[in-house]
Every structure is written in structure tokens, then in C-alpha cells.
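Every read-out reported here was derived from the displayed coordinates using simple, explicitly stated rules and does not represent laboratory data. Fair warning: this is a prediction, and the values are worked out from it, not measured in the lab. Backbone-built Cβ (ideal geometry, glycine too); neighbour counts: all protein chains shown.
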Amino acid sequence: MSFRRRIAHTHSTGLTRREILQVGYSGAMGLALPALFANRAQAAAAASAAAPPRDGKKMLLVWTTGAMSHHDTVDMKPDAPAEVRGEFKPAATSIPGFQMCEHMPELIKHADKFAVVRSFAHKDNNHLMSTHHVLTGQFQPGAFFDKIASRTDWPNYAGAYDYFRPRHDGIPNGVNLPTFMQQPPLIWPGQHAGLLGATHDPWQITSDPNSADFKVDSLTLSPGLDVDRVSGRHGLLGDLNRQRERLSRSSAGIRMTSEQELAYNILTSRKLADAFKVDQETDAIRDNYGRHTTGQSLLLARRLLEVGVPVVQVNVGNAQNWDNHSKIFPTLKDRLLPPLDKGMGALLSDLSDRGMLDDTFVVLIGEFGRTPKINKDAGRDHWGPCFSGLFAGGGVKGGQVIGKTDPHGSYPISHPYSPEDIGATVYTVLGIDPASEMYDRFNRPIRLNSGTPIAPLFG
């Protein structure tokens, strides 16, 4: 069947001409058109030369926006003074000597499936810089205090993956959901492809998968970053309509350019559209994840991984959800930990049952830790010198704790791991050499990452 015939009758995905601008739900994905993809072919050629393709796994990054307290979750200090140990009690896991917070019962059940690294450290106590540092694996260029998102930033993991592994099959290389980290006028760095350009940005979803009317109306690139690349939905629809008309009139069936084909394929990908139909899951599965934003976002993430999206990030909160400078204990106990714990427990169980865990690298982390000493407002403040992360799947040896901290959880007393090491680990698991070269807008070669993979994670 010719391309022209598909357009004139029914598309190969099963969409009719009338449905061509709709992807599974009631609205179109707000995609910028050919200009958005104009440099992708050039980037693909550069990437191919820089790093020949090799096998790799997928990644789900679960981001605790604002930074989850390590003291009150996975690195508890029950023998420390009251102003350090806090109100929560540690609970035993199936792993000898490994205890977790009593308010994380579902994750406790799955301790054999994940590893905890307790000795992460960096020098920043600022949200934006630290977010960039952990979500890109490199220090933010030009940063000296806090620095909002810029096209001089290092690429995040999805952006770098798209640069080295471009594709044209209608499945994006990266999806972020369900929030965009922004507190006007501040836009958090680490959410886009930075110096590699907007064509490599991950798709951003800003609607709640737990909502009864969840739709994919806002699947678009990160907002507010480049005014010259932002086009409204009406412009998209108009361009596509005009394009469709030209194709229909052409007796030869005008072949779309590669950039147009990419945009078109994304819009008409039945596979991708179906992944967003969370309501097709059984009630039992949805209940297991939890009927809340966190749980249904993790379920959606699993569905996206299943259809081939290699890098998915789930933001647990908007920008500073876990930034608990006051009343940290009731906030964690009543609001933050229950949905995260239930959703993560269900995710690990679900991935394992579906045979997906071995090929899916799961990371639960935030931008830094929280201060050892509880402040006057019964909260904990920013603390870059020490924090923890949880890792599962993708070859990770579960049931282990890596790294040690001092009796107050203030500093690592074993080998400290850096955000650069996180980046090196991520890229290695994804099948990309951390030493690969990329090219900035001035065509200058730059090494992707300067860290060392965290070898103990893999046994």
C-alpha cells in the first residue's frame, strides 16, 4: 500500500483521515512541526560517528522533587540523639542488618529486589543546581549559586540518549511525567537536552494519569525554554491539515521529508497512543499501584516502557514537594511516603512478574539529602554532603546496601559517589559509553560524562 493511499483511506495504524490529528484521546499532542525536527538528521549523523550503537537497557527515573530525607527513609540512625534520629522507627527487612522506615512497608517487602547506595555526596545545597547535577550527571556550566534552565546546560539522560540513539518510528526516546518542575519565573534545569538543542528534548506530560478525564492534550516539549521553537496547537493542526491536503492532491503521493515523517509518525502512532490508556488496566492492577497521582504515574511509566520508550522520568511532586523545612514527620507519614511506597512496591512486583525487571533500570533519588539536625520548625534543611538513592533492575544485584555514613548521617565514611558517577552508571546501563563525545552548537566536541560507574551495584 502506498503512502498516499494510506492517507486517502485508513492509516496503517488504523486511524481514519478524520482521526489523523488525534492520538488515542480527545486532543492532539501539542507538537511543534518540521522545524522542531529540522536538525535531527544532522545530529543523528554526528551521534553515529561519535558512538556506534550497542545493546542497552531501559530506565525509569523516579524523582523526589525537593529531596527526600535519607535519615527518615533508608539511612536511619536510631542510636543518634533525638534531634538527629527523628520520630520514625526503623523496621527490619529480609536483608540482615538492613532497616528501613516503618512507613515504607511495601518497599520493605521487596528489599531483595533493590540496592541502596547511602554514600552519595556533592557540594551544592541549592535546588536548581543540584537538580541539574543529578539529572545530567555533570555540574551545571556557569553556575555559582542557583541557576535556572538554559541552553548552555548539560543534557539530561533522555536528551543525551536521543542524541546518540535517534529514532523515527513514532516512539519518543524520553517522556517526563506528570509534572514540569517550574515555579514561575524559575524553571528547573536538568529537564531537557540543554546544549544539544530542543530537537532532543524529552516529551513532557503535565496531566494527572489518576484523573477520570486523563488525556494526552499536553504531550509537548518542555515549556518556556525557547520561544523560537514553541508553536501553538492551532499552528500544528493547520500545518498538518495543509500537508494532508497537498498529499491528497498529489497524483504522485509527495513523500514527506524525514522531519515531517517523524512528527507525523508520533501523532499517528497507535502503539504510543494505546500506552496512555491507563484505564485499560484491570481494577486490581490500578488498585495495587494506588489510586493517586504517584501510583498511576508509575503505572503509566511501566506502560510506556512496555511499548519501547527507553527513558521515562516520573516526578513525585512539582518542584519542591519533598522540601520539608517544617513539620517533616507528619508530612512524610501522612502525605508523601504512603503513595510513593505503595506505587514503588507495586512497580517492582509488576516489572518482576512481567519479566521486565532485568531490562529496566529503576532509580529512586532526589537532588540532595536533608540536614542531620532537625531545625526549630521540626523540619530538615538542604544537605548536599550526604544522601541516598535506591536502585533496582537492569542488572542490579538486589538485597544490598552500598556505602556507609557517620553515626549522624552527615557524611560518607566509605567511598563517596558523585552525581557524575550516577551519570556514568546510567549511561553504561543504557548502552552508551560515558566517554562518548557530543557536539555543542559551535560544533565543539565535549565528553558526555566524567564519572565512573558504581560497580558494586552489579555484584
For region 143-185, the Debye formula with one identical point scatterer on each Cα and no solvent gives log10 I(q)/I(0) at q = 0.18 Å⁻¹ as -0.73
Sparse-neighbourhood loop hits (trypsin sites (Lys or Arg not before Pro), region 123-167; DSSP loop; Cβ within 10 Å at most 12 others) -> 123
From fewest to most C-beta neighbours within 10 Å, the residues 270, 370 line up as 270, 370
Region 69-125 and region 343-403 have their Cα centres apart by a whole-number Å value of 10
Those trypsin sites (Lys or Arg not before Pro) from region 392-459 that are DSSP loop and have at most 11 other Cβ neighbours within 10 Å turn out to be 441
When the charge dipole of region 373-452 is computed with +1 at the Cβ of Lys and Arg and -1 at the Cβ of Asp and Glu, the Cα pointing farthest to the positive end, of 383, 416, 435, is that of 383
Listing 390, 107 by rising number of other beta-carbon atoms within 10 angstrom, fewest first, gives 390, 107
Once Lys and Arg are counted +1 and Asp and Glu -1 for all other residues with Cβ under 11 Å from that of residue 310, the total becomes +2
The answer for GluC sites (Glu not before Pro) in region 82-113 that fall in a DSSP coil and have at most 16 neighbouring Cβ atoms within 10 Å is 87, 102
quick shape note, region 311-459: Cα extents on principal axes in Å, largest first -> 50, 40, 33
re region 371-445: pairs of Cα atoms spaced beyond 15 Å account for a percent value of 70
Magnitude of the Cβ-charge dipole (Lys and Arg +1, Asp and Glu -1) of region 117-206 about the Cα centre, nearest 20 debye, reported as 160
For region 262-344, the Cα convex hull volume per residue in Å³ comes to 104
Cα pairs beyond 24 Å in region 89-204, in percent, come to 46
Karplus ³J(HN,Hα) for region 355-370 (6.51 cos²θ - 1.76 cosθ + 1.60, θ = phi - 60°; Hz, whole; x = Gly/Pro) runs x, 9, 5, 4, 9, 10, 8, 9, 10, 10, 7, x, 7, 6, x, 10
If the chain between residue 211 and residue 152 were fully extended at 0.36 nm per residue, the gain over the current Cα-Cα distance would be 17.6 nm
With x for Gly and Pro, the residue-by-residue ³J(HN,Hα) of region 146-162, computed from phi through the Karplus equation 6.51 cos²θ - 1.76 cosθ + 1.60 at θ = phi - 60° and given in whole Hz, is 10, 9, 6, 4, 8, 6, 8, 5, 6, x, 6, 5, 5, x, 5, 4, 5
The distance between the Cα centres of region 278-325 and region 128-191, in whole Å, is 20
Expressed as a percent, the portion of alpha-carbon pairs in region 301-379 spaced more than 20 Å apart is 45
